[in-house]
Amino acid sequence: MSAGAPRSATDPANLTPPRVEQLVALPDGRRLGMAEYGPARGRPVLWFHGTPGGRHQIPESLRRSLADTDTRLIVVERPGYGESTPHRYRRMRDVSDDIGFLLDALEIDDVGIAALSGGGPYALAVSHGHPDRVVATA
């Protein structure tokens, strides 16, 4: 790229970084990679990325709008993606146990869920497994 040329919006160097990135240890020793965007005290929304994807698969326009909407976006990497330990669930609904543990670790009682493409089955499994905690799913 020549000097003075506009930088690409898809260049990772131009993206607003996550506010938090961490690994959450699960009781059986596996771990879930995750990142948080937006205000720490915002309304929590879990984001299940597409296939392939990961905790950084968030467009810059969304990253910038989170403060205006008071949204705390928590991007959870599915097993085998990014920093999450590979794992094969026996049943799709078993993912809700891991996410329930994550919500406990983050001290979240009520959460919205959003998903893209391959993240859809995970969103539905968690919504089904935690009807008392999930307030909306998209």
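Read the figures in this text as sums done on the coordinates, not as results from a lab. This one's a predicted model, so the numbers in the text were calculated from it and none came from an experiment.
Things to note:
- Placed amide H near SER84: partners under 5 Å, 5+ positions off or other chain: GLY33
- Taking region 41-138 and dividing mean pair separation by its residue count, relative contact order in percent (alpha carbons under 8 Å, at least six apart): 35 percent
- Equivalent ellipsoid, the chain (semi-axes from 5 times Cα gyration tensor eigenvalues, Å): 27, 17, 13
- Think of it as helices only: each DSSP H run of n ≥ 4 in the chain is worth -39500 (n - 2.57), and spread over all residues that comes to -5500 deg cm²/dmol at 222 nm.
- P(r), alpha carbons of region 76-138 - 5 Å bins starting at zero, rounded %: 4, 18, 29, 30, 16, 4
- Helix 95-105 vs. the chain, principal-axis angle (Cα, 0 to 90°, nearest 10): 70 degrees
- Karplus 3J(HN,Hα) series, Hz, for region 108-117 with 6.51 cos²θ - 1.76 cosθ + 1.60 (x for Gly, Pro): 10, 9, 10, 9, x, 10, 10, 8, 10, 6
- The amide H of VAL111, built 1.01 Å from its N in the peptide plane, has VAL134, VAL135 as neighbours under 5 Å, considering only residues 5 or more places off or on other chains.
- Angle between the chain longest axis and helix 120-129 axis [Cα atoms, degrees, rounded to 10]: 40 degrees
- Each DSSP beta bridge with both residues in the chain is either parallel or antiparallel, and the antiparallel ones are about 45%.
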